[in-house]
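J.: One structure, pasted below without further comment.
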Amino acid sequence: MPVITELEPVALAAGQPELPGLYPIREVARLTGINPVTLRAWERRYGLIQPTRTETGHRLYTMSDIEAVRQVMGWLERGVAVSKVAELLARPTASVSVPKEALADEYQQWQARVQAALSAFNEAELDRLYGQIFSSYPLEVVFKSILMPLWEQLLKAQDEFGRTSEWLLLDRFLRGRVQQRLHLQPMGAHDCVLLVGLPELCTELELLVAGLLLSRNDRLIRVLAVGQPLDELSLICEQVQPRAVVLFARQVVGAAQQRRLVRLAQSLDCSVALAGEAANVAQDALAGSSIACLGSETALMNQRLDAELKQAVAR
């Protein structure tokens, strides 16, 4: 799987307006390593991707199209004929019943392969495996079931010789990949949400992954840097005008800090929510306050954030 680099701006024909979130075929070829001839064949012969067209007939691809290309690549690497891939892509994931034990074993096999790449400090292999995992599973599974558990294992085992170096490699690699995906969010989304890590209660990677899991086509998640002073959030909100501020913490928020967060929420002219494992623990204590608790499970976080944003519009 080729290493993904920064996206180049879309260059359209003279007179064509810029279309945010759309990429020409040469850029898709650069990102995926699949040449334009093959991309056109996948479209015309097999209907695997359906790019939009400009008035002059130039193909433009969304990020969903690019993800579809990566999924096709994943199936081909597993030995599936290209003529059969369309059927597999169209098959609902929920229709395939797989025992939890089998899935857990499958995830562990991926973790073992990633671990082998880390032990060899082979970043090219790490990138190849990352692409395969992404083409095979939904976003939540990629991070919550495969990559982040391995990251946490290495973090806890840093007293063993070599584990710190392996953890640093994985941490840097994942931070770069997640930041890259966050940069691909549609800038024209009508809902802007600021995601803020509570000081010393989460790492940068945990915060970035939370931002990625909360991002959607109709929602722009802006992840503020770890260490963001909470007392300066009012200044940022005044300039950015977000619909909501989501505070994120993996560790428990103490009673004194909960009171401080309530005062903070009262000073901001937008909805304020708490997400992460800390939200599960603080839910009862914050009940009746101006802070909504989103929880830590991806589907529930998104559902509750949707409700908060709808209420923000109604107010």
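Values in this text are rule-based calculations from the coordinates and carry no lab data. Computed from a predicted model, the values in this text were never measured in an experiment. Every residue, glycine as well, gets a Cβ built from its backbone with ideal geometry; the counts of neighbours run over all protein chains shown.
J.: Taking the Cα atoms only, what angle lies between the long axis of helix 255-267 and the longest principal axis of the chain, rounded to 10 degrees?
T.: Taking the Cα atoms of the chain, the angle to 255-267 is about 80 degrees.
J.: What's the longest uninterrupted piece of the chain once you rule out the GluC sites (Glu not before Pro) that are loop residues per DSSP with at most 10 other Cβ within 10 Å?
T.: Longest run free of exposed loop sites: 201-315.
J.: Go through the range 148-159 residue by residue and turn each phi into a ³J(HN,Hα) via Karplus (6.51, -1.76, 1.60, θ = phi - 60°); whole Hz please, and just put x for glycine and proline.
T.: Ordered by residue, 3J(HN,Hα) equals 5, x, 5, 4, 5, 4, 5, 4, 6, 9, 6, 7 Hz.
J.: Give me a comma-separated list of calculated 3J(HN,Hα) values for the range 34-43, in order, Karplus coefficients 6.51, -1.76, 1.60 applied at θ = phi - 60°, integers in Hz, x for any Gly or Pro.
T.: Going residue by residue, I get 9, 6, x, 4, 5, 4, 5, 5, 4, 6 Hz, with x marking Gly and Pro.
J.: If we count other beta carbons within 10 Å of each Cβ, what is the order of 52, 298, 32, fewest first? Could the numbers behind the result be given before it?
T.: On the way: 52 12, 298 18, 32 21.
Listing 52, 298, 32 from fewest to most nearby Cβ atoms yields 52, 298, 32.
J.: Ok, one more. Read through the labelled values (i) 21.6, 72; (ii) 17.9, 55; (iii) 21.2, 63 and report the label of the one computed as Rg and Dmax of the Cα atoms in Å from the structure.
T.: Of the labelled values, this structure produces (iii).
J.: What residues have an amide H closer than 5 Å to that of residue 293, excluding those fewer than 5 places away on the same chain, when H is modeled at 1.01 Å from N in the peptide plane?
T.: 274
J.: Additional query: For the chain, what is the calculated [θ] at 222 nm in deg cm²/dmol (nearest 500), taking -39500 (n - 2.57) for each run of four or more DSSP H residues and dividing by its residue count?
T.: For the chain, the value works out to -16500 deg cm²/dmol.
J.: What order do you get for 301, 63 when you list them from fewest to most C-beta neighbours inside 10 Å?
T.: Details: 301 22, 63 17.
Starting with the residue having the fewest Cβ neighbours, the order is 63, 301.
J.: Please list, in chain and number order, the residues 5+ apart from residue 195 or on another chain whose amide H is under 5 Å from its amide H, with Hs placed from the backbone.
T.: The answer is 222, 223, 224, 246.
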